[in-house]
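Take a look at the structure set out below.
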Amino acid sequence: MEAGAGVRMGKKAGVIGFTTMFAPLVCGNLLFRWRKRGNISVSINEYRLIIFMQSISAFTSIDTLLRDLKIKHSEFGRIALAGSMVTDMLAFFVTFLNAMHYEKSIGVRQTIFSCLFFAFMVFVVRPAMYWVIRQTPEGRPVKDFYIYLILALACVSFKYFDLIHSYGPAGSFVFGLTVPNGYPLGAAFVQKFESFNFGAIFPLFGSLTLMQVDVPWLLKECGNLIRMEGQLYEVVSFTLFVNATKFIASTIAAYSFKMPLRDSFALALVLNNKGVFELAYFAYAVETKKVRPEVFTIVAAIILLNSIFIPVALELVHDPTKRFKSYRKRNLAILKHGAELHALVCVYKPDHITSMISLLEAFNPSKDSPMACNVLHLIELVGQSTPMFISHQLQKPELGSISCSDSVITSFRGFHQKIHEHTSLDIFTSVSVTKHMHEDICWLALSKSTSLIMLPFHRTWSSDRSTVISNDDKLRIININVLRRSPCSVGIFIYRKPIVEYHMTAYHCKICLIFNGGRDDKEALAITNRLRQTKTRVSLSIIRFTPTFYEMKDQEMEEAFEMVSLKETVTNIVKEKDESVTFIDKSISDGSETSKILRAMGNDYDLFIVGRSSGLGTEITSGLSEWTEFEELGPIGDLLASHEFPSRASVLVVKKQEYIHKTKSQKRRSE
């Protein structure tokens, strides 16, 4: 599934990037040919350069904008970055074609040397970067020797491109792409040089470059702009036409992939953003006499206005609170039989290891029900420590030392050894402040294309349910934030005892699904059916509460609870003739009856599964909602998890993914 998601993302980014690049390139050239018939005050080479630079979406400019707006790690940000990367690659291709066409043998030589450089970066430098990561022990910084060696190679890359008469910073840019993101290598460069770059180098570069702008000439030329003549009018009108073409093409391309229209506009704005890269290239063009200072003055003013307008417009159009939301469905309800389940398991404390492994064992991955398990160990950042994100597949502990996640790694790898044929396991550790932990969870779930995030409940009780052993309010806040921002479905697991007792040969796993027909209940049903696909002996009871309508006057409420058979409701997922499945319909008048029925069957099951919004706002939970202690569990989930509930059965509360829909009508149809 992850590979398929990557292919879909690549296809979407490829089409958007291709359209964004070539639509303005073609339309701009057509307009230029039409203008050539009359008198023009801007040279042919300057027109070509303006068309080219307005057509591309420079990765560095897009990356800086998304980082400043804190939406870089959203799916929207990933699409924008991937699309800009496509335009950059196409820009290299177009540049080489132009060089071979106009500069003949020199252009051919330049293209050959550039291709050799790209091959060296991909097949030599990139693997060397990962070798450096593997040589760095867990929790330790990268050696300064490697950092300064990489900086020296970046300078060499700049000089190499300069020697082959190409744009020098492009060499450093390509080299920079070989450095893996995140901890430890990418993060080391950010920590060491980000403040210096953005605090000193960027302002200094901007000031020195803009000093070349001829402001008096620009103000004088504004009079010709009003009369629709002169260089300022030609460049501004031409740039606006190319940007408008690019905006429309980007919007149509994004909308064709079922992105909401609002987000399509936002993506088009991002891809039209201009920044330091474009300014630096035009400054380079002035130095090499490819562009006159007057044209540079106009272009610099346009880039300055663009960098002011785009972020403001983007703040109005794009909703940053949805940065982790997905544009496609990522839940269990859409998984076909035999499809691999991608899950993210979160562990905060050693106590959670047993509970999470117990839940994974209940899924019991097999050939017909494979699983890709990603385990994230979250550690609170204290003191002056540095945030870290460690992949235990790449980094190993230093010899003689103990990893901060040693118990997590040992336990989950022991679980993996039992079922390694049908399960893949990746373990990560995130060290960050509590208020940012939910972002690490959502980001990893988004990047791994998971369908389910499994979270441990923040409260645990003694075995006899008499006293609270631990009550971590920080963990509760993390769970609530994940529920609000998650890119996929979420399950909060309240652990009381093992779901499956493997040491008992004749053991049956008894599961009770509370199904009232809501969107979260349907996802809970999909998870339940996944559990039934295992080799474990599972008996399932599906119970549905239906209000007694004679007390209800609202006709719409009666239609919402149509008196159809429960078997007909779930027959598409659970086979009717399966003798291990029991269907129970209970007619109730208020929440007190719901509570009595559940309490009566509390000791009959090993696991209760319920949707978070099950029965919410109906007679089923009337009276329960007012006494809910933990809103993240919903009224029925809160009842099952309370210490007063007479049961040692574990509880799984499920919330279905809220993905970004194209229209409200589509949202209703999907539910």
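No lab work stands behind these numbers, since they all come straight from the coordinates. Fair warning: this is a prediction, and the values are worked out from it, not measured in the lab. Glycine gets a Cβ as well: all are built from the backbone with ideal geometry, and neighbour counts include every protein chain shown.
In this rough spin-label picture, where each label sits 7 Å from Cα along the Cβ direction, the GLU421-ASP590 distance is 5.6 nm. Go through ALA154, THR95, HIS165 and say which Cα lies farthest out towards the positive end of the charge dipole of segment 82-231; charges sit on Cβ, +1 for Lys and Arg, -1 for Asp and Glu. Checked the options; the winner is ALA154.
When the C-alpha to C-alpha distance is required to be over 23 Å, the pairs from LYS143/LYS448; LYS336/LYS656; LYS329/LYS655 that qualify are LYS143/LYS448. If you plug the beta carbon distance of LYS510 and PHE22 into 1/(1 + (r/R0)^6) with R0 = 41 Å, you get a FRET efficiency near 0.10. The amide H of ARG496, built 1.01 Å from its N in the peptide plane, has SER650, VAL651 as neighbours under 5 Å, considering only residues 5 or more places off or on other chains. Under 17 Å from a label point set 7 Å out along the Cα-to-Cβ vector of ARG109, the amide N atoms of segment 147-177 belong to 160-167.
Taking amide H atoms as placed 1.01 Å from N in the peptide plane, the amide H of ILE427 lies under 5 Å from those of VAL375, HIS392, GLN393, each 5 or more residues away in sequence or on another chain. Per-residue extension of 0.36 nm, minus the Cα-Cα distance of MET228 and VAL433, leaves a gain of 68.1 nm for this segment. Of the Cα atoms belonging to segment 163-244, the radius of gyration and Dmax stand at 19.8, 58 Å.
For segment 48-194, just say rounded, prolate or oblate: build the C-alpha gyration tensor, square-root its eigenvalues into a ≥ b ≥ c, call rounded for a/c under 1.5, and beyond that prolate if a/b exceeds b/c, oblate if not. Oblate shape, in that a/c is at least 1.5 and b/c is the bigger or equal ratio.
Computed extension gain for ASN471 through ASP604, at 0.36 nm per residue and net of the alpha carbon distance, reaches 45.2 nm.
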